[in-house]
Amino acid sequence: MSSHPSPLRITRIVLALAVLIGIGFSIRYNLELSRLRETHAELREQIGLLDVADPKKVAIAHVPLPDDAIPPGVEHAHVWRYRIHIPANYGPSYKIQRGLIKADSPQGRGGSGSSWSSPQKNSEEALASMALIKSDGRWIFCRSTGGGSSTSSMPNDFDFDSLDDLVIETAISPDDKTRMFETDEAICLIRLREKTLAKKRNGKNEEGLYRGFSVYLYSAKHRDAFEAWSEGETTSMQGTPMNGTPLQGATP
């Protein structure tokens, strides 16, 4: 009787080894895939996932703030950051209003500022940051949008213990996914105000004005319409000529 294994047995051994090797590679692949998924989830939490479902619209995603991002010496800091998809030919424009603001429009009284960029042939991505920082006992509003930045002090008696003491409106909440906006919308990136109306020097309430600040984003094509609205000449952007061209549905 021969002691050599038969060809059939050799084939079975080879096949068994191949199966074992395949299982080993499969386990290794799955472990690597799991690790990559964990890394992807961590990166998504750190930088925010900007899911642009329609590149012709404005897309905004919330960006979490790392724990070590607040510099030493800052007593308190509240920061809002967004990744923004800017469609082609949009021309991002920003309007900042601080001091006294309206609860439902970019109108207000006090300090204000604007910045804008020329429309680009290709879509682009921007990072917008707004922060309310307390240092040396005073609150300071800082913003960085579209390559421009500014810093301004809030009134001396502007103070609060918790954000719950204020009314805050943001373009997107930390728990939301990417939010899409039409290009003819005026997007309120943030509006932060006190809950009660501001007081005049005589102690009476200001008419529809609150202490706080707001930041709006809009297209350069609608600059005339937006400015007319922010100056109180109209009650909205709709129906107002934009750079000499009537908005859709408006009567010239």
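The values are calculated or read from the model by the stated rules, or taken from the named source; none is laboratory data. Note that the structure is predicted; figures quoted are calculated from it, not measured. We place every Cβ from the backbone using ideal geometry, glycine too, and count neighbours over all the protein chains shown. With ligands, DNA and RNA removed, areas are computed over all heavy atoms of the protein, side chains included. Shrake-Rupley method; radii C 1.70, N 1.55, O 1.52, S 1.80 Å.
From the list R191, R201, the one residue that fits, being under 16 Å from the mean Cα position of the chain (by Cα), more than 22 Å from N89 (Cβ to Cβ) and of a type in the set (K, R), is R191. Selection of the range 125-164 for residues being within 30 Å of K56 (Cα to Cα), open to solvent by 70 Å² or more (accessible area, probe 1.4 Å), out of contact with any Leu (no Cβ under 8 Å at 6 or more places or on another chain) and not in a loop (DSSP other than H, G, I, E, B) yields L127, S149.
Just one of the listed residues (S173, S150, S162) is of a type outside the set (A, V, I, L, M) and within 17 Å of the chain's Cα centre (by Cα), namely S173. Inside the range 93-136, can you point out the residues that are more than 27 Å from L209 (Cα to Cα) and not charged (D, E, K, R)? Selection gives S117, S118, P119, Q120, N122, S123, A126, L127. Among the residues of the range 82-100, those identified as crowded, with 18+ Cβ neighbours inside 10 Å and among the hydrophobic types (A, V, I, L, M, F, W, C) are I84, I86, I96, L100.
Name the residues in the range 170-211 that are aliphatic (A, V, I, L, M), part of a strand (DSSP E or B) and open to solvent by 30 Å² or more (accessible area, probe 1.4 Å), would you? Walk me through how you get there before you give the answer.
First pass over the range 170-211, keeping only residues aliphatic (A, V, I, L, M): 171-172, 180, 186-187, 189-190, 192, 197-198, 209.
When the remaining residues are screened for being part of a strand (DSSP E or B), the result is 180, 187, 189-190, 192.
Answer for the range 170-211, where residues must be aliphatic (A, V, I, L, M), part of a strand (DSSP E or B) and open to solvent by 30 Å² or more (accessible area, probe 1.4 Å): just M180.
Have a look at G208, G203 and point out the one that is free of Cβ contacts under 8 Å to residues at least 12 places away in the same chain and either more than 20 Å from S152 (Cα to Cα) or touching a His at 6+ places or on another chain (Cβ under 9 Å) (or both). Walk me through how you get there before you give the answer.
Numbers: G208 fails: free of Cβ contacts under 8 Å to residues at least 12 places away in the same chain.
Unique residue meeting the criteria: G203.
The set of residues in the range 112-124 that are in a strand (DSSP E or B) and either in contact (Cβ under 8 Å) with a residue 24 or more places away in the chain or farther than 20 Å from R81 by Cα (or both) comprises S112, G113, S115, W116, E124.
Give the range 56-81 a look and list any residue that's touching a Gly at 6+ places or on another chain (Cβ under 9 Å) and either surrounded by 15 or more Cβ atoms within 10 Å (Cβ to Cβ) or at pLDDT below 75 (or both), or say none. Show your work before the answer.
Taking the range 56-81 first, the residues touching a Gly at 6+ places or on another chain (Cβ under 9 Å) are 61-64, 75, 81.
Residues satisfying the conditions are A61, H62, V63, E75, R81.
Scanning the range 41-55 for residues that are at pLDDT below 85 and on the phi < 0 side of the Ramachandran plot returns A41, E42, L43, R44, E45, Q46, I47, L49, L50. Inclusion of D104 among residues that are within 17 Å of V63 (Cβ to Cβ), part of a loop (DSSP other than H, G, I, E, B) and in the same structural domain as W229 (by the TED database) is not warranted. Filtered by the rule that a residue be of a type outside the set (A, V, I, L, M, F, W, C) and closer than 15 Å to L192 by Cα, the range 135-160 gives R143, S152, S153, P155, D159.
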